[in-house]
Amino acid sequence: MGYLKITQYLYLVAAGIFTFDAVTHWNDEPKPWISVGIALVSLFLFFFRRHFAKKFQDRQNTQGRK
């Protein structure tokens with residue numbers, strides 16, 4: 001289970017890297033919309049994985065009590 005907790009934070013790292021890339025290259029032509037899109041998708045995936053990991057953990061905790 002430790003592997004799955006680490007991978008969700010890799011999405012945050014990816015979002016940070018692509019956000020940095022977009023900010024540093026914003027004045028270039030064409031605009032770095034692909035970096036912005038990848039950063040947004042990575043951020044969404046972080047929260048998505050985090051939500052379902054918590055849901056899965058809560059389900060395991062309630063089944064263990066019975």
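Taking Cα atoms only, the orientation of helix 33-65 departs from the longest principal axis of the chain by about 10 degrees.
How large a share of the accessible area of the chain, in percent, is made up of carbon and sulfur atoms when the probe is 1.4 Å and the other protein chains stay in place? Each step should come with its number before you reach the end.
Numbers: 3690 of 5480 Å².
Using a 1.4 Å probe with all protein chains present, the chain comes out at 67 percent carbon and sulfur.
Note on the chain: with charges restricted to the Cβ of Lys and Arg (+1) and Asp and Glu (-1), its dipole about the Cα centre is near 800 debye. In terms of accessible area, using a 1.4 Å probe and ignoring ligands and nucleic acids, Tyr9, Tyr3 rank largest first as Tyr3, Tyr9. The residues of region 1-40 present an accessible area of 77 Å² per residue when probed at 1.4 Å with all protein chains retained.
Computed from Cα atoms, the angle from the helix 2-24 axis to the main principal axis of the chain rounds to 20 degrees.
Over the residues of the chain, the helix contribution to mean residue ellipticity at 222 nm works out to -30500 deg cm²/dmol, using -39500 (n - 2.57) for each DSSP H run of at least 4. Measuring nothing but alpha carbons in the chain and taking Rh as the Kirkwood radius, the Rg to Rh ratio lands at 1.23. Taken along the Cα-to-beta-carbon direction at a fixed 7 Å, the label points for Lys31 and Thr62 span 4.4 nm.
The values are calculated or read from the model by the stated rules, or taken from the named source; none is laboratory data. The structure presented is a predicted model; accordingly, all values stated were derived computationally and were not measured. Every residue, glycine as well, gets a Cβ built from its backbone with ideal geometry; the counts of neighbours run over all protein chains shown. Protein only, heavy atoms only, side chains kept; ligands, DNA and RNA dropped before computing areas. Shrake-Rupley method; radii C 1.70, N 1.55, O 1.52, S 1.80 Å.
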